[in-house]
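Shown next, in structure tokens, is the structure this report addresses.
The values are calculated or read from the model by the stated rules, or taken from the named source; none is laboratory data. What you are looking at is a predicted structure, and each value in this text was computed from that prediction instead of being measured. FYI the Cβ positions are ideal-geometry reconstructions off the backbone, even for glycines, and counts take in every protein chain you see.
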Amino acid sequence: MTAPPAATAPLVSGEGREAALTTLFNTHYTGLLRLAVLLGADDAEDIVAEAFCQLHRRWNRLRTAEAALPYLRSVVCNLTRMRLRRLQVARKHAARTAELERSAESVALLHDDQRALIEALGRLSARQREALVLRFWLGLCESDIADAMGISCGSVKTHTSRGMATLTKIMEDRR
């Protein structure tokens, strides 16, 4: 009798860990970068780089290799949220507020219709924006979104529903 197949890949260490991290980076960097941009980060490259650094430091704490990508998504969401909060505080205390400019690379990648959607997403609350991006951009299920955002599935449904209603109104008003 043969042993049942393993449901998850075990963590590797040493050179195998470096190879796994390199593969993760090569496969998912662009998607994580887009996630950060869609969540409103003006320094998306720095956020994604920091997420990979945190994964590298905490690799041995992961239960399985499959937990790495959800971990990265969660870190990108959290770092973006933290930086946006810092910006809000800085704006409150600044004598003059200046409009944040996105990096030239991220702006060059966007078409006009995408820019309109990014602008509309920027007008949503942070939680609504996160829920919509994770749901419709990454195609995550409610439980994965709840894990990434650190909230309940019911809250995910609420933020998604309210975000879609607001986004629909904004896009209709644009026409």
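Observations
- Verdict on CYS77 being at pLDDT 85 or above and assigned by TED's automatic domain parsing to the domain that holds ALA51: yes
- Residues in segment 63-77 that are touching a residue at least 24 places away in the same chain (Cβ under 8 Å) and under 13 Å from LEU32 (Cβ atoms): 9 in all.
- Filtered residues of segment 14-68 (kept if surrounded by 14 or more Cβ atoms within 10 Å (Cβ to Cβ) and of a type in the set (S, T, N, Q)): GLN54
- Test: residue in segment 31-52 that is under 19 Å from PHE136 (Cα atoms), touching a Gly at 6+ places or on another chain (Cβ under 8 Å) and modelled with pLDDT under 90: yes
- Any hit, segment 74-84, residues being surrounded by 12 or more Cβ atoms within 10 Å (Cβ to Cβ) and either among the aromatic types (Phe, Trp, Tyr) or more than 20 Å from MET149 (Cβ to Cβ) (or both): no
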